[in-house]
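Novice: Mind having a look at this structure? Questions to follow.
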Amino acid sequence: MLKISDLVKRYGGGEPVLKNLDLTIEGESVVSIIGSSGAGKSTLLRCINRLVEPTSGSITLNDTELTRLRGAELRRARRKIGMVFQGFNLVDRLTVMENVQSGRLGYISTWAALTRRYPKDDIRRAYELMERVGIAHYADKRADELSGGERQRVGVVRALMQKPEILLADEPTASLDPKTSEQIMGLLRDLSRELKLPVLINIHNVHEAREYTDRIVGMRYGRIIFDDLPQALDQEAMDRIYSGSPAADRAGGLKEAS
Amino acid sequence: MTLSDARRDDWTRFSLKQRLQRYAVLAFTLLAIAWAVSSIEVIWAWVWDAPEQMGDLFGRMIPPDPTNLAAILRVLWETVNIATIATAFAVILSLPVAWLAAQNTTPNRATLWVGRFILVSSRSINTIIWALLFVAIFGPGIVAGIVAIMFRSIGFVGKLLGEAIEEIDKRPVEALEATGASRFKVIAYAIVPQVMPTFWAVSILRWDINLRESTVLGLVGAGGIGIILQGAIDTFNWREAATVLLAILGLVILGEIVSAWLRRRIL
Amino acid sequence: MSPARIDGPTSGPDVPAGAAGGATSGATAPRDHWRKPSFIANPVARWLVYGGAILYVVWTLGTLPIDWPRVAEGVERAGRIFGGAFPPSFERSGLLIDGFLESLKIAILATFGGVLLSIPIAFMAARNIVPRAVFYLGRAIIIVARSFHPVIVAIIFVKAVGFGPLAGVLTLIVYSIGFVAKMLAERIEEIDFGQVEAMRAAGAPYLSTLIYAVVPQIMPRQVGLTIYQLDSNLRASAVVGIVGAGGIGSTLANAFGRYDYDFALAITMVIVGAILLSEAVSGQIRKRL
Ligand SMILES: Nc1ncnc2c1ncn2[C@@H]1O[C@H](COP(=O)(O)OP(=O)(O)OP(=O)(O)O)[C@@H](O)[C@H]1O
Ligand SMILES: [Mg+2]
């Protein structure tokens, strides 16, 4: 269970980008986060695995408080949080297998990592997962030889190799064509069911959010203003989420505050 | 309005300001040259004499004398070894220096400045000056030469490698940090593969340069073919000197061919 | 629309449930072996290369004529040298300044002479401008100029024209030709030949064609190269002096010869400072061009 309460993030000295945000994700549901650019979706996701330092508030994952971890403890917690990126973020010059196994770096010894002698269990798991997403025959290819959809599959497998307790995906399909994009969304939904894994997806495509996720969270200006089943996302809700600009919102927020 | 109404027949390529700037640069250049010519301490009679002297000297080099060819080739091979071993050690030693001197991998500001200091002092002191120092320390011989080449090469390789590290794609680094990998493993998996091509290219380039540099180490007593050359010149044995020069020419050209081949193979 | 092919079998891995020991349902044995494909695919060739490299290093290190006892004394000597070098002595700064100014003059004159001579040589060495025979001659001049380290060129000139800055200037002229003529020749080979043809079509003679159609295309590169070469020559002028070709290098070699390590350190510091300064200035100018 992921429980975020009273989360505030402020970059530098300006207005907070996340404002006293609360969000709880229970069970193995696929949750999508929508909102206009600059709403703070990426910031929220990155606060969870601490690629971005939260300013205040609390984030707990299965009863571990994440916001105060440091050094080795933080790394141990990060092992349990998988992340999939919009730009795939693969190491181009390594093979697909090495990219996939880099999801295990937090677990294996430095020697095994350097010599590429991965544990048998990890290799078996890698092949199974790659088989599952249809890239097993690329194991020895270099990552930059793959197409976008295939690369994102590598990204997904890398995250799953961590045996995560939650999967974060920051616009995982935004660099893909519509068909591949749907395939990846379907894959994330199915894997969530199969692996009993909660998945949190930032997405701009509302149609895909409705189609492939169990719950939609709408963000605007650092706050959650919608949180319901996909069916409940009507035109009125959409307008509330997407109208105006963060800047205009910000000005409005200031007026409210004063 | 007809074409002739314009009456623009005083075309110039540059505006007045541009022209003035150009004249200023030209005047400055001429002034610098005039200053250098008028104050440099040369005996002008020698200058006019120089072509004749050169012709005379080359005349005495012909034909090259190959009697010592076997010894020359043996020392030439030794020269290659100096260059190769020194490059190998330098390349290895430059790795930690590059790591220190790259802003995105260095542990803290103090280490960054240590790294930069090593690079600058290594790079701005020529191999020959390093060789002077190490001949004074280790005595004449190959060790001084190898260490001199190493000291100069560390800065060269380290600087280019450090820049390559600073220019990498940061996204894979972030992705691996998100998996909970330690700093060292992130470097090994996300940074090292990205700088590998630069690493090989720079190493080959430096080897090629070092081959040239190692031919002159002997002139300050630091081993290699330069010692034979110096000996031949000091005894006015110009025909043997010619053989040595031809051997060096052959070596350098061969080195260029080999490094071009390696570049094609590896990159 | 269904999410296509990957939606297929539900026999996905139940890995998080632990129990990885359960055999997979497929006919093939579980694949639990993987090796990174090697850069050299053939294992025999691979081991030959690795073994050869190791053998080479061990063998050369073992056979290089190294006087180990003498090397071992080095630590103590290094202590003495550095002890003598600190603090650096700027007492004879007159000598230092003279040496430095001489280096600067050598660099200026050599750049001027070298760039001037580079232009005709570069044209000679450009495949697309001159007849074959001239091209080979031009290339040969460049290769010879590039192949010999300036220090070697310097000792020859010192023998021919005597000690002093003249030998330094001549040396660095050769050095400049090796670089500037090579780069310029490459630029000339890349020029847009349409312009040359246009001039020819207009009936321009050979030399006018060069001046109007080729020179404007290479001029910007030439200016950049000249500034770069001035910087290089300043660096090199510190070195050729060590074998007697004038400039601050001669001052440095003398200081070393007289075991004046504190003065030598002062000279070295000035050289390093001058090189850093000239590198920064030349980089700035070339960026603006
Ligand atoms: N590293 C940073 N430093 C300063 N400000 C930042 C930084 N990252 C994001 N911001 C600001 O925080 C706000 C929210 O950014 P965020 O990337 O979280 O938005 P987003 O909802 O993910 O947008 P998008 O849909 O375009 O990805 C923006 O105003 C952005 O300018
Ligand atoms: Mg975003």
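Read the figures in this text as sums done on the coordinates, not as results from a lab. Just so you know, these numbers come straight off a predicted model, no measurement behind them. In this analysis, Cβ positions are derived from the backbone assuming ideal geometry, glycine residues included, and neighbour counts consider all displayed protein chains.
Novice: How big is the gap, in Å, between the Cα center of the range C:214-229 and the Cα center of the range B:204-226?
Specialist: So the two Cα centres are separated by 31 Å.
Novice: What range in chain C is the longest one free of chymotrypsin sites (Phe, Trp or Tyr not before Pro) that are in a loop by DSSP and have at most 16 other Cβ atoms within 10 angstrom?
Specialist: By the stated rule (loop sites, at most 16 other Cβ atoms within 10 Å), C:164-258.
Novice: Could you work out the local net charge near B:Phe138, counting Lys and Arg as +1, Asp and Glu as -1, over the other residues with Cβ closer than 12 Å to its Cβ?
Specialist: Charge balance in the 12 Å sphere: -1.
Novice: Oh, and also: Using the 10 angstrom Cβ neighbour count as an exposure proxy, how do A:Val91, A:Val31 rank, fewest first?
Specialist: Lowest count first: A:Val31, A:Val91.
Novice: Pick out, in residue order, every one of the trypsin sites (Lys or Arg not before Pro) in the range A:112-205 that is DSSP loop and has at most 13 other C-beta atoms within 10 Å; say none if there are none.
Specialist: Answer in residue order: A:Lys196.
Novice: Name the residue farthest towards the positive end of the dipole of chain B from the options B:Ile168, B:Leu249, B:Leu100, assuming +1 on Cβ of Lys and Arg, -1 on Cβ of Asp and Glu, about the Cα centre.
Specialist: Ranked along the dipole, the leading option is B:Ile168.
Novice: Apply the a/c threshold of 1.5 to the C-alpha gyration tensor of chain C and tell me whether it is rounded, prolate or oblate.
Specialist: Since a/c reaches 1.5 but b/c is at least a/b, the shape of chain C is classed as oblate.
Novice: What stretch of chain B, leaving out the sites themselves, is the longest with no trypsin sites (Lys or Arg not before Pro) in a DSSP loop having at most 15 other Cβ atoms within 10 Å?
Specialist: Here the longest segment lacking exposed loop sites spans B:14-169.
Novice: Rounding to the nearest 20 debye, state how big the charge dipole of chain A is about its Cα centre with +1 on each Lys and Arg Cβ and -1 on each Asp and Glu Cβ.
Specialist: Using only the charged Cβ atoms, the result is roughly 1080 debye.
Novice: Considering every Cα-Cα pair within the range A:70-176, what fraction, in whole percent, is farther apart than 22 Å?
Specialist: Value for the range A:70-176 (Cα pairs over 22 Å): 26 percent.
Novice: I would also like to ask the following. Calculated FRET efficiency, B:Glu41 and B:Asp234, Cβ-Cβ r, R0 25 Å, to nearest 0.05?
Specialist: Efficiency for this residue pair is about 0.50.
Novice: OK, next. For B:Leu31 and B:Met54 in the same chain, what is the full-extension length gain: residue separation times 0.36 nm, less their Cα-Cα distance, in nm?
Specialist: Contour length minus Cα-Cα distance gives 5.3 nm.
Novice: Expressed as a whole number of Å, what is the distance separating the alpha-carbon centroids of the range B:80-149 and the range C:230-261?
Specialist: 21 Å
Novice: Still on this structure, please answer the following. Which helices count as membrane-span-like in chain B under these terms: full DSSP H, at least 27 Å along the axis by C-alpha, Kyte-Doolittle mean of -1.0 or more?
Specialist: B:16-39, B:69-101, B:142-166, B:192-214, B:238-266
Novice: Also, I was wondering about something else. In Å and from the alpha-carbon atoms only, list the Rg and Dmax of the range C:187-269.
Specialist: Cα-based Rg and Dmax for the range C:187-269 come out at 22.7, 69 Å.
Novice: Sticking with this structure for a sec: Quick one: net charge of A:Gln231's neighbours, Cβ under 14 Å, K/R +1, D/E -1?
Specialist: Taking every Cβ under 14 Å from that of A:Gln231, the sum is -4.
Novice: Give the residue from A:Ala77, A:Leu61, A:Ser29 lying farthest towards the positive end of the charge dipole for the range A:1-130; charges sit on Cβ (+1 for Lys and Arg, -1 for Asp and Glu) and the dipole is referred to the Cα centre.
Specialist: A:Ala77
Novice: Can you tell me the orientation of helix C:215-240 relative to chain C, as the angle in degrees between its alpha-carbon axis and the longest Cα principal axis, to the nearest 10?
Specialist: Its long axis makes an angle of about 80 degrees.
Novice: Within the P(r) computed for the range B:14-173, what percentage of the Cα pairs occupies the region above 23 Å?
Specialist: It works out to 67 percent of all Cα pairs.
Novice: Taking the Cα centroid of the range A:88-110 and of the range A:121-149, what is the distance between the two, rounded to the nearest whole Å?
Specialist: Taking the Cα centre of the range A:121-149 as reference, the centre of the range A:88-110 is 11 Å away.
Novice: Mind grabbing the base-10 log of I(q)/I(0) for the range C:43-82 at q = 0.19, 0.22, 0.34 Å⁻¹? Debye formula, identical points on the C-alpha positions, no solvent, two decimal places.
Specialist: Taken in order of the listed q values, log10 I(q)/I(0) reads -0.66, -0.73, -0.98.
Novice: So which chymotrypsin sites (Phe, Trp or Tyr not before Pro) in the range B:94-167 end up in coil per DSSP with only 15 or fewer other C-beta atoms within 10 Å?
Specialist: none
Novice: May I pose another question? Under 20 Å Cα-Cα from C:Lys105, which lysines qualify once same-chain neighbours fewer than 8 residues away are excluded?
Specialist: Cα-Cα hits under 20 Å: none found.
Novice: Compute the acute angle (0 to 90°) between the alpha-carbon long axis of helix C:261-288 and the principal axis of greatest extent of the alpha-carbon atoms of chain C; round to the nearest 10°.
Specialist: Orientation of helix C:261-288: about 70 degrees from the principal axis.
Novice: Continuing with this model, one more query. For the Cα atoms of chain A, what angle does the longest principal axis make with the long axis of helix A:148-161, in degrees from 0 to 90, nearest 10?
Specialist: Its long axis makes an angle of about 80 degrees.
Novice: Quickly estimate the mean residue ellipticity at 222 nm for the protein assembly as shown, helices only: each DSSP H run with n ≥ 4 gives -39500 (n - 2.57), and the total goes over all residues, rounded to 500.
Specialist: So the calculated ellipticity at 222 nm is -20000 deg cm²/dmol.
Novice: Using only alpha carbons, build the gyration tensor for the protein assembly as shown and give me the equivalent ellipsoid semi-axes, biggest first, whole Å.
Specialist: 62, 35, 27
Novice: Using the Cα centre of the range C:92-287 as the reference point, and only Cβ charges (+1 on K/R, -1 on D/E), how large is the resulting charge dipole? Debye, rounded to the nearest 20.
Specialist: So the dipole magnitude of the range C:92-287 works out to roughly 320 debye.
Novice: Please return the longest stretch of chain C lacking exposed loop sites, where GluC sites (Glu not before Pro) count only if DSSP places them in a loop and at most 14 other Cβ atoms lie within 10 Å.
Specialist: Of all site-free stretches, the longest is C:191-289.
Novice: Only four residue types carry charge here, +1 at the Cβ of Lys and Arg and -1 at the Cβ of Asp and Glu. Report the dipole size of the range B:69-266 about the Cα centre in Debye, rounded to the nearest 20.
Specialist: I would put it at about 260 debye.
Novice: Moving to a separate point now. With a 10 Å cut-off between alpha carbons and a GNM built on chain C, which of C:Pro220, C:Pro43, C:Pro165 moves the most?
Specialist: C:Pro43
Novice: So, counting K/R as plus one and D/E as minus one, what does the shell of residues with Cβ under 14 Å around C:Gly74 add up to?
Specialist: Around C:Gly74, the charge tally is 0.
Novice: Calculate the FRET efficiency for A:Val8 and A:Leu114 from the Cβ-Cβ distance with a Förster distance of 35 Å, rounded to the nearest 0.05.
Specialist: Once rounded, the FRET efficiency stands at 0.30.
Novice: Given just the C-alpha atoms of the range B:69-266, how large is their convex hull per residue in cubic angstrom?
Specialist: So the per-residue Cα hull volume is 115 Å³.
Novice: Restricting attention to the range B:105-201, which GluC sites (Glu not before Pro) occupy a DSSP loop and are surrounded by at most 14 other Cβ atoms within 10 Å?
Specialist: Those that pass, being in a loop and sparsely packed, are B:Glu167.
Novice: Would you list, by chain and number, the lysines whose Cα falls below 22 Å from the Cα of A:Lys41, excluding same-chain residues fewer than 8 positions away?
Specialist: Correct list for A:Lys41: A:Lys3, A:Lys9, A:Lys19, A:Lys80, B:Lys170.
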